[in-house]
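The values are calculated or read from the model by the stated rules, or taken from the named source; none is laboratory data. Predicted model only: the values in this text are computed from it and were never measured. Methodologically, a virtual Cβ is constructed for each residue, glycine included, from the backbone with ideal geometry; neighbour enumeration extends over all protein chains shown. Surface areas here come from the heavy atoms of the whole protein model, side chains and all, with no ligands, DNA or RNA. Shrake-Rupley method; radii C 1.70, N 1.55, O 1.52, S 1.80 Å.
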Amino acid sequence: MLLNTYEPWKFAFSSENDFENIRENSYGIIGVPFDSTTSYHSGTRLGPIVVREASFGLEKFNTIFNKELTANFYDFGDVNVVYGNCKATCDIVEETVCELADLKIKPIIIGGEHSVSIGAIKALFNQYGSLTVIHLDAHRDLAFDFIGEKYSHATVMRRAHEIGCDLVQIGIRSSSIDEEEFVKSTYNIQTFKNKDVHKHMDAIEYYVSNIDGPIYLSIDMDVVDPSIAPNVGNPVPAGLFISEIEDLLQAASHKNIVGFDVVETASDKLGDVTAVVAAKIIHDFLTLID
């Protein structure tokens, strides 16, 4: 890399990808530029590039946590997706995460629509034998199918539950009657709705701090209030604020986070505010985990 250049297709502060000297137990970013089941605002296929570009507006020192980003992490670029075929794309993501596991690298996924998370979740569940998914979202994403499709942004957490994952859903404020009935019929889906976050953050932090075993953290950008992050696939009013996301990240960072994603940034504009917020969330996570 030349001294006076930068690579906007890589996340800021990422290490060089020297496969002969990969540092084990680091995190590795992969982008998944896919949005073929989007049902409202399209554009999440451009999420990986605008989020990466936005990361270059962030300082290495994080003033919120009074800490510098010192974690070693890599950016391996985008996976090859199959537009129009969600199942095939998710299979490619699963295979890629398995390849990262062979390198002893934990995945960070930049989406892309939320459907792509299931590829990483399946790979990690098979690797560890159990998995808790902490799911920050405005929606439950627990539909059995959506417009006849089993693989969709609206069904991703149903697929995760079917393979055996425990779910902790935070920020929920939109769901169907069928989804609510499904939650009532299960024993391993814990819900904290948006008002719980606003009023009872201490209880949520305590709950998260007591989760045992490997955790996958999945953040749909529509969990954030649309006054702050408007360009998402399905915006819903009355969302979470940045300070609340920071508190949740801080609580989760003390646990065994084996995978992480930030999905549903839907913008084709560099400098987009939603992309900046998504980049900040990834930056905060990387600052906290070291």
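Among the residues of region 248-290, write down those that are in contact (Cβ under 8 Å) with a residue 60 or more places away in the chain and among the polar types (S, T, N, Q).
Applying the first criterion (in contact (Cβ under 8 Å) with a residue 60 or more places away in the chain) to region 248-290 yields 248, 250, 252, 257-272, 275-276, 278-290.
Result: GLN250, THR265, SER267, THR287.
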Checklist outcome for this item: If we ask which residues in region 40-52 are open to solvent by less than 20 Å² (accessible area, probe 1.4 Å), part of a loop (DSSP other than H, G, I, E, B) and among the hydroxyl-bearing types (Ser, Thr, Tyr), their number turns out to be 0
Item to check | Where a residue in region 92-120 is over 16 Å from TYR216 (Cβ atoms) and in a strand (DSSP E or B) and its partner, wherever it lies, is among the charged types (D, E, K, R) and modelled with pLDDT of 95 or more, with Cβ under 8 Å and at least six apart | outcome: none
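Table: residues versus (1) at pLDDT 95 or above; (2) in a loop (DSSP other than H, G, I, E, B); (3) among the aromatic types (Phe, Trp, Tyr).
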| position | (1), (2), (3) |
| --- | --- |
| ASP35 | no, yes, no |
| THR38 | no, yes, no |
| ALA54 | yes, no, no |
| PHE65 | yes, yes, yes |
| ASP75 | yes, no, no |
Next on the checklist: Among the numbered criteria (1) among the hydrophobic types (A, V, I, L, M, F, W, C); (2) over 19 Å from THR287 (Cα atoms); (3) out of contact with any His (no Cβ under 9 Å at 6 or more places or on another chain), which one does ILE257 miss?
Outcome noted: (2)
Item to check | Selection within region 37-55 - in contact (Cβ under 8 Å) with a residue 60 or more places away in the chain and either over 26 Å from PRO230 (Cβ atoms) or within 17 Å of the chain's Cα centre (by Cα) (or both) | outcome: THR38, GLY43, THR44, ARG45, LEU46, GLY47, PRO48, VAL50, VAL51, ARG52, ALA54, SER55
Checklist entry - If you take the residues in region 235-287 that are farther than 20 Å from THR38 by Cα and of a type in the set (D, E, K, R), which one is least open to solvent (accessible area, probe 1.4 Å)? => result ASP284
Next on the checklist: Being outside any loop (DSSP other than H, G, I, E, B) and surrounded by fewer than 22 Cβ atoms within 10 Å (Cβ to Cβ) is the filter here; which residues of region 133-148 pass it?
Outcome noted: PHE146
Checklist outcome for this item: When (1) over 27 Å from ARG52 (Cα atoms); (2) in contact with a helix residue (DSSP H, G or I) (Cβ under 6 Å, 6 or more places away or on another chain); (3) surrounded by fewer than 24 Cβ atoms within 10 Å (Cβ to Cβ) are applied to SER130, the one that fails is (2)
Item to check | Pairs, first free of Cβ contacts under 8 Å to residues at least 24 places away in the same chain in region 56-78, second surrounded by 11 or more Cβ atoms within 10 Å (Cβ to Cβ), C-beta under 7 Å, six or more apart | outcome: PHE61/GLU68
Checklist outcome for this item: Turns out the helices (runs of 4 or more DSSP H) fully within region 163-266 with at least 1 residues that are over 21 Å from LEU142 (Cβ atoms) and among the polar types (S, T, N, Q) are 201-209, 242-252
